[in-house]
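One structure is given here, and the rest of the page talks about it.
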Amino acid sequence: MKTKVVVTDYIEPDLNWESEEFARRGVDFEYHQLKFEPDEKVIEATQDADVVVVNMVKITAKIVAGWKKTKLVIRHGVGYDNLDLDALEKAGIAPCYVPDYCAEEVAEQAIALIMACGRRVVSSRKVLDDSSASGIWDFAPMIPIFRMGGQTLGILGCGRIGSLVYKKLSSFGLRFLVCDPYLTEERKQELGIETVDKETMFRGSDFVTIHTPLSSETRHIVNSQTLAMMKPTAYLVNTARGPMVDSEALAGALKRGVIAGAAIDVFDREPPPLDYPLFSLPNAILSPHLAWYSEDAAWTIRKLIVLEVDRFIAGQPSRYVAKKVN
Ligand SMILES: NC(=O)c1ccc[n+]([C@@H]2O[C@H](COP(=O)([O-])OP(=O)(O)OC[C@H]3O[C@@H](n4cnc5c(N)ncnc54)[C@H](O)[C@@H]3O)[C@@H](O)[C@H]2O)c1
């Protein structure tokens, strides 16, 4: 029997390369764009798949119940909060994910956003335009800017991406407040860091960058209480997952000057609607959930997904099993 691989949704311009790779292996391959479709449509497309590859479609218990012989689900990406892990476990289906294709890129995006906040790069264009229009330099809207060296960066979650942010910024003369209660002593020693509790990190940081998985513990971890702990001159950077930040609370905090600004790559609704609360705020820098992207990363993940299917056909275990986080 031929192995059948079905893709529920994808972000590549096309999957011609995958089609050729799977044809060479004698694998049946189908792909769809079912991101906004009801569960029934997803079931119809995937019910006789051996392997389901999913990007953003929510894999619900109902969908899992509709599968006749699926043995493996591959989440195209790092976070796997769109998979119902309990339902998959009950059905004896192994979920896996690809956590090792874009850590460099996300760390670089977080650093770019931290720098953009600290140096007010985005709003400086308006200052230039207004000054050109009036014929006089007026830097007042850009003030204050502080030297990066000597400021404190809070890192919430020091796994693959958070630890890269730490390593890459270590030569900037920053102080670090790392909050990650699950980091082993061995890993802390390896990185040469101590960790602090959440409150110490929020209160003491000039920048807070989020790098935790989305879980019941981290959902709305940035809320009106934690925002109130932050310095009025501090910035929040989120390249992890949108629902970790209460976006209404953040918008309110940005309007009232509770914190100085925020830079956000991920949203609780994606893409965010035009009336999204952060869109109208000059002290919010926004990017379209593209922290992961580089030409290199985009190809790496495609190859790693085909490799995962090869391993499945060869009866080998997945490289990274998606496990429940708190
Ligand atoms: N924007 C993008 O394009 C993009 C791309 C890739 C990954 N991501 C997101 O980046 C995040 C980090 O990915 P990663 O590969 O570094 O994950 P990882 O699993 O390697 O690291 C996560 C770290 O968070 C820690 N953690 C868990 N719960 C915590 C808590 N309550 N408080 C503090 N720390 C906690 C864990 O101990 C771990 O060290 C994920 O949310 C992922 O979805 C976003």
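Odds and ends about this structure:
- Residues satisfying the stated conditions in region 274-301, i.e. over 13 Å from G242 (Cβ atoms) and assigned to a loop (DSSP other than H, G, I, E, B): L274, D275, F279, S280, L281, P282, N283, L290, W292, Y293, S294
- Within region 297-317, tally of residues that are touching a residue at least 24 places away in the same chain (Cβ under 8 Å) and within 16 Å of the ligand (Cβ to nearest atom): 7
- Number of the exception - D81 against (1) out of contact with any Phe, Trp or Tyr (no Cβ under 6 Å at 6 or more places or on another chain); (2) in contact (Cβ under 8 Å) with a residue 12 or more places away in the chain; (3) not in a loop (DSSP other than H, G, I, E, B): (3)
- Here is the figure for region 302-326: residues that are surrounded by fewer than 15 Cβ atoms within 10 Å (Cβ to Cβ), among the polar types (S, T, N, Q) and modelled with pLDDT of 95 or more total 1.
- Assessment of region 145-152 against the conditions (touching a strand residue (DSSP E or B) at 6+ places or on another chain (Cβ under 8 Å), in a loop (DSSP other than H, G, I, E, B), away from the ligand (no atom under 12 Å from the Cβ) and touching a residue at least 12 places away in the same chain (Cβ under 8 Å)) yields at least one matching residue.
- Any hit, region 292-301, residues being open to solvent by less than 90 Å² (accessible area, probe 1.4 Å), aromatic (F, W, Y), modelled with pLDDT of 95 or more and more than 22 Å from L164 (Cα to Cα): no
- Among the residues of region 207-243, those that are in a strand (DSSP E or B) and either more than 9 Å from the ligand (Cβ to nearest atom) or among the β-branched types (V, I, T) (or both) comprise F207, V208, T209, I210, V222, Y235, L236, V237.
- Output for region 166-206, where each listed residue is in a helix (DSSP H, G or I), within 13 Å of the ligand (Cβ to nearest atom) and within 22 Å of the chain's Cα centre (by Cα): Y166, K167, K198, M201, F202
- Inter-residue pairs, beta-carbon under 9 Å, first more than 9 Å from the ligand (Cβ to nearest atom) and in region 282-294, second in a loop (DSSP other than H, G, I, E, B) and of a type in the set (S, T, Y), 6+ apart: P282/S123; N283/S123; I285/S123; L286/Y276
- Complete set of residues in region 88-123 that are over 23 Å from G149 (Cβ atoms), part of a helix (DSSP H, G or I) and within 16 Å of the ligand (Cβ to nearest atom): A103, E104, E105, V106
The values are calculated or read from the model by the stated rules, or taken from the named source; none is laboratory data. Given the structure is predicted, the values throughout are model-derived calculations rather than measurements. Here Cβ is always computed from backbone atoms with ideal geometry, including for glycine, and neighbour counts include all displayed protein chains. Ligands, DNA and RNA are excluded from the accessible area calculation, which covers all protein heavy atoms including side chains. Shrake-Rupley method; radii C 1.70, N 1.55, O 1.52, S 1.80 Å.
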